[in-house]
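The values are calculated or read from the model by the stated rules, or taken from the named source; none is laboratory data. This is a predicted model, so every value here is computed, not measured. Virtual Cβ from ideal backbone geometry, glycine too; neighbours counted across all protein chains shown. Heads up: the accessible areas ignore ligands, DNA and RNA and are worked out on the full protein's heavy atoms, side chains in. Shrake-Rupley method; radii C 1.70, N 1.55, O 1.52, S 1.80 Å.
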Amino acid sequence: MLILKSIQNYCKLITILILLIITFLSLYPLQKLPEFSGTDKTHHLVAYFLLAFPSGLIKPKKWVLFISFFIIFGGVIEIIQPYVYRYGEWLDFFANTIGVLTGFFVGL
């Protein structure tokens, strides 16, 4: 319970930090593309779960805007990735979305 209370107290900071980490890890150019795309869906789901979970704990009044922003953010990342020598995939976007919804509602 102490950990959950700490997350609630620092929700904004934690969310911004996770958002920055996801942005960096998603857009950092790779030297070489992996041989096969599509093997990282669990990573996407967990990352976006962690992004939305703190917001679910505090249940903001405009919670639909938070969920929408996180989902749109995941989509924009997937659209940008091919321009930085990464794979952008619809299944990654789907995993991001499932992670956001699951993280937020588990936080509630």
Practice task
Counting only heavy atoms of the protein chains, get the accessible area per residue of the chain (1.4 Å probe) and round it to a whole Å² value.
Solution key: 67
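Keeping the other protein chains in place, figure out the carbon and sulfur percent of the accessible area of the chain, with a 1.4 Å probe. Write down the numbers at each step before the final one.
Working: 5400 of 7280 Å².
Exposed carbon and sulfur together represent 74 percent of the surface.
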Problem - Filtered chymotrypsin sites (Phe, Trp or Tyr not before Pro), the stretch 44-93: DSSP coil and at most 13 other beta carbons within 10 Å - result: Tyr85
Practice task
Work out the count of Lys pairs in the chain where the Cα-Cα distance is under 27 Å, with the pair 8 or more places apart or on different chains.
Solution key: 9
Problem - Length released on extending from Lys41 to Phe94, taking residue separation times 0.36 nm less the Cα-Cα span - result: 18.2 nm
Completion exercise
Per GNM of the chain with C-alpha springs under 10 angstrom, the most fluctuating residue out of Thr15, Thr97, Thr42 is Thr42
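What does the charge count near Gln81 come to, summing +1 for each Lys or Arg and -1 for each Asp or Glu among other residues with Cβ under 14 Å from its Cβ?
With Lys, Arg at +1 and Asp, Glu at -1, the net is -3.
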Exercise for the section: Give, as a single signed number, the net charge of other residues whose beta carbon lies under 14 Å from the beta carbon of His43, with Lys and Arg counted +1 and Asp and Glu -1. Expected result: -2
Practice task
Please work out which option in (i) 0.95; (ii) 1.01; (iii) 1.04 gives Rg/Rh (Cα atoms, Kirkwood Rh) calculated from these coordinates, and answer with its label.
Solution key: (ii)
